[in-house]
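The structure appears below as structure tokens.
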Amino acid sequence: MVNPISYTPGQDPMQPRPFRVVRAIRETADVVTLELEAQSGPPLAFQPGQFTMLYVFGVGEVPISISGDPHKPARLVQTIRRVGLVTEALCKLGRGDVVGVRGPFGSHWPLEQARGGDVVIVAGGIGLPPLRPAIYHILHQRQDYGRVYLLYGARTPADLLFPEELKRWQHTLAHAPGASPVRVTVDRAEGGWDGAVGVVTSLIPVLPIDPLRTTALMVGPEVMMRFTISELRKRGIPEENLYLSMERNMKCAVGFCGHCQYGPHFICKDGPVLAFPRVRDWITRKEV
Ligand SMILES: Cc1cc2nc3c(=O)[nH]c(=O)nc-3n(C[C@H](O)[C@H](O)[C@H](O)COP(=O)(O)OP(=O)(O)OC[C@H]3O[C@@H](n4cnc5c(N)ncnc54)[C@H](O)[C@@H]3O)c2cc1C
């Protein structure tokens, strides 16, 4: 159920709409979550996995995934890691500041298709925010899904995003008493961490899943997604049930400019969420 480009009906997709920052939450040393409200017009309804183009006036515009609850569209929630000029400006915004928003754009997680089966969600670092709307959706419709696992890896314990929600999800995602749906690992244990240490893929071999009924959703650095796909395939999950969200440099976000071309696909309109068979030939090549 890929539904490319679904910007708000009646809106010019190239015209940013002003949104006001109602809350800026410092998640970690380099990650901020912005809660935004439309200054006029309808709230921005979206599907889990979609992204917007956020424009800091006078600085520039970047693609950022929506990290909020799709059932609560009144507030647009986006989580940003500071890596360069525009993301730094976004991370400095505070209550009352205004940003331009275009979108939502792109394809979404196959949550309809996944109904009735098990779901494995694999996130590396800043990959968790684009998956959070899918988690919220599953929680809203918990009875429609079987076993749900979130595997999350971060560099250090201080880099873990949404730690309070991770604890809550351990209970709310559980399919049975005592189940352990949220499994977290860090590359480097620091500050009294007594959880798992190692790469997120090390959590996959021990997952009690029924591979033929499982859909996997993943976001993280490309190298992490390549290893994740390899481990999930070893578990016997069919390739067509493996979905990933890709990142590429983007300008227009509606398939005109070609900046985000990835093999035969434009990440902005064919992605960012793509089934693995569609990118198999490209993800193993460098510089695509
Ligand atoms: C569909 C999509 C969804 C995205 N969702 C999110 C999101 O939810 N949260 C978020 O924080 N980012 C997200 N990104 C990445 C974000 O768009 C980039 O980090 C941003 O464009 C960087 O812009 P900049 O001007 O701050 O940095 P630039 O000046 O463009 O780059 C500064 C430096 O950072 C490096 N860099 C650029 N992008 C990345 C990156 N992704 N990771 C590591 N280094 C990078 C560059 O190579 C350069 O060296 C998404 C990208 C796409 C395509």
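What follows draws every value from the coordinates through simple rules; no lab data is involved. The structure displayed is predicted, hence computed values, not measured ones. Please note: Cβ atoms are built from the backbone with ideal geometry, for glycine as well, and neighbour counts cover all protein chains shown.
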Treating only Lys and Arg (+1) and Asp and Glu (-1) as charged, each at its beta carbon, one finds that the chain has a dipole about its Cα centre, in Debye to the nearest 20, of 60
Using only alpha carbon pairs under 8 Å that are at least six residues apart, calculate the relative contact order of region 111-245 and give it in whole percent. 30
Rounded, prolate or oblate: which fits region 127-191 when a ≥ b ≥ c are the square roots of the eigenvalues of the alpha-carbon gyration tensor, with rounded for a/c under 1.5 and prolate only if a/b beats b/c? prolate
Over the chain, the sum of -39500 (n - 2.57) across DSSP H runs of at least four, divided by residue number and rounded to 500 deg cm²/dmol, gives at 222 nm -5500 deg cm²/dmol
Name the lysines eligible as straight-distance cross-link partners of K251: C-alpha to C-alpha under 25 Å, and not fewer than 8 places from it in the same chain. K92, K269, K286
P(r) for region 111-245: what percent of alpha-carbon pairs falls in each 10 Å bin, starting at zero? 13, 47, 35, 5, 0
A student applying the Cα gyration tensor rule (rounded when a/c is under 1.5; otherwise prolate if a/b is larger than b/c, oblate if not) would label region 200-286 prolate
Springs between alpha-carbon atoms under 10 Å, Gaussian network over the chain: tell me which of V184, V254, V83 tops the mean-square fluctuations. V83
Only Lys, Arg, Asp and Glu count, each charged at its Cβ (+1, +1, -1, -1), so figure out the dipole size of region 111-245 about its Cα centre, rounded to 20 debye. 160
Suppose every K and R has +1 on its Cβ and every D and E has -1 on its Cβ; what is the size of the dipole of region 1-94 about the Cα centre, in Debye to the nearest 20? 180
Let me know the Rg and Dmax you get for the chain when you use only its Cα atoms, in Å. 18.2, 53
If packing is taken as the average number of other Cβ atoms within 10 Å across a peptide's residues, how do 234-243, 263-272 rank, most packed first? 263-272, 234-243
The chain: angle of helix 163-172 to the longest principal axis, Cα-based, in degrees nearest 10: 50
Label-to-label distance, nm, for residues given as T284 and D187 (7 Å Cα→Cβ offset): 2.5
Suppose the chain between H175 and L139 were pulled fully straight at 0.36 nm per residue; how much longer would it get relative to their current alpha carbon spacing? 11.9 nm
Nearest 10, in degrees from 0 to 90: the angle of helix 128-140 to the longest Cα principal axis of the chain is 70
Are there cysteines in the chain with no second cysteine's Cβ under 4.7 Å away, and if so, which? C91, C260, C268
